[in-house]
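Below is one structure, written out as structure tokens; comments come after it.
The values are calculated or read from the model by the stated rules, or taken from the named source; none is laboratory data. Not measured: the values here are computed from a predicted model. As a convention, Cβ positions derive from the backbone with ideal geometry for all residues, glycine included, and neighbour counts pool all protein chains shown. All accessible areas refer to the heavy atoms of the entire protein, side chains included, with ligands and DNA or RNA removed. Shrake-Rupley method; radii C 1.70, N 1.55, O 1.52, S 1.80 Å.
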Amino acid sequence: MGTKAEQLELLRPEVLGCRRCALRDGATQVVFGEGFCEARLVFIGEGPGSEEDRLGRPFVGPAGQLLDRMLAAMGMTRFEHVYILNVVKCRPPHNRVPEPEEAETCRIHLDRQLDILDPPIVVLLGSTAARTLLDPALRISRARGEWTLKDGRWWMPTYHPAALLRNPTWKKDAWSDLKRVVDKYRELVNPAHESPYYPIETS
Ligand code: URA
């Protein structure tokens, strides 16, 4: 079996060599995902943008910088607490939303990554991730902030950081969702987890 890190490294060449759909033709490279291989909390975005396509890493453009700040507010960093994945591993042309068929084709990779990581908590960033993993008819504005227990994991949709950059007034709701994620993390993973903007209450 090996450690999770070893299992992910065995999977990596298969994902990087994928030619299952046409998205690979327009992309510079496949973006596998990255983070702490023993993470108990996984974030799933939509798909690589231009910076991610250029660097081969998830969430490294403007939305990624916001995601890192959101993690910092939760008392987390991407290599110490979480693993970051995308629904599709190749950048869609002109950053269009991936088609449901493309998400379905790429699903084999995402499912294997989730099988290996086996996180109890998953945050779904935006409609594409939430529709792909939870419910194709889901409306993110209604579903955000609510937990679903499915396949032995707790799943929560929230706004995608790119949507927060376009609509900063949604950040308040996103932060209330992330506080619930910190609550769940304290409940299931580490009761002593500290967060600079959401300290543990002592009475
Ligand atoms: N948006 C995403 O959904 N994923 C990335 O990796 C970057 C931007």
Margin query: Quick check on this structure: which one of D25, D53 is buried (at least 20 other Cβ atoms within 10 Å of the Cβ) and assigned to a helix (DSSP H, G or I)?
Written below: D53
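Considering only residues that are without any contact (Cβ under 8 Å) to a residue 40 or more places away in the chain and either outside any loop (DSSP other than H, G, I, E, B) or not β-branched (V, I, T) (or both), which ones fall in the stretch 77-100? Steps first, please.
Filtering the stretch 77-100 down to residues without any contact (Cβ under 8 Å) to a residue 40 or more places away in the chain leaves 77, 94, 96, 99-100.
Passing the criteria: H94, R96, E99, P100.
Is it the case that some residue within the stretch 2-20 is within 12 Å of the ligand (Cβ to nearest atom), part of a loop (DSSP other than H, G, I, E, B) and either farther than 22 Å from W155 by Cα or out of contact with any helix residue (DSSP H, G or I) (no Cβ under 6 Å at 6 or more places or on another chain) (or both)? It would help to see each step written out before you state the result.
If we filter the stretch 2-20 for residues that are within 12 Å of the ligand (Cβ to nearest atom), which is where we start, we get none.
Within the stretch 2-20, not a single residue is within 12 Å of the ligand (Cβ to nearest atom), part of a loop (DSSP other than H, G, I, E, B) and either farther than 22 Å from W155 by Cα or out of contact with any helix residue (DSSP H, G or I) (no Cβ under 6 Å at 6 or more places or on another chain) (or both).
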Check: Is it true that some residue in the stretch 126-149 is touching a residue at least 40 places away in the same chain (Cβ under 8 Å), surrounded by fewer than 22 Cβ atoms within 10 Å (Cβ to Cβ) and aliphatic (A, V, I, L, M)?
Finding: no
Notebook entry, point to check: What is the one condition in (1) more than 30 Å from P199 (Cα to Cα); (2) aliphatic (A, V, I, L, M); (3) more than 13 Å from the ligand (Cβ to nearest atom); (4) touching a Gly at 6+ places or on another chain (Cβ under 9 Å) that V42 does not satisfy?
Noted result: (1)
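Name the single residue, out of those in the stretch 158-191 being open to solvent by 70 Å² or more (accessible area, probe 1.4 Å), of a type outside the set (S, T, Y) and free of Cβ contacts under 8 Å to residues at least 24 places away in the same chain, that is farthest from the ligand (Cβ to nearest atom). Give the steps one after another, and end with the answer.
The initial filter retains those residues of the stretch 158-191 that are open to solvent by 70 Å² or more (accessible area, probe 1.4 Å), namely 165-166, 168-172, 180, 187-188, 191.
Of the ones still in play, those that are also of a type outside the set (S, T, Y) are 165-166, 168, 170-172, 180, 187-188, 191.
From what is left, the residues that are free of Cβ contacts under 8 Å to residues at least 24 places away in the same chain are 166, 168, 170-172, 187, 191.
Working: R166: 12, P168: 17, W170: 16, K171: 17, K172: 21, E187: 27, P191: 31 Å.
This residue is P191.
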Notebook entry, point to check: How many residues are in contact (Cβ under 8 Å) with a residue 24 or more places away in the chain and either more than 9 Å from the ligand (Cβ to nearest atom) or over 18 Å from P157 (Cα atoms) (or both) if we restrict to the stretch 45-70?
Noted result: 12
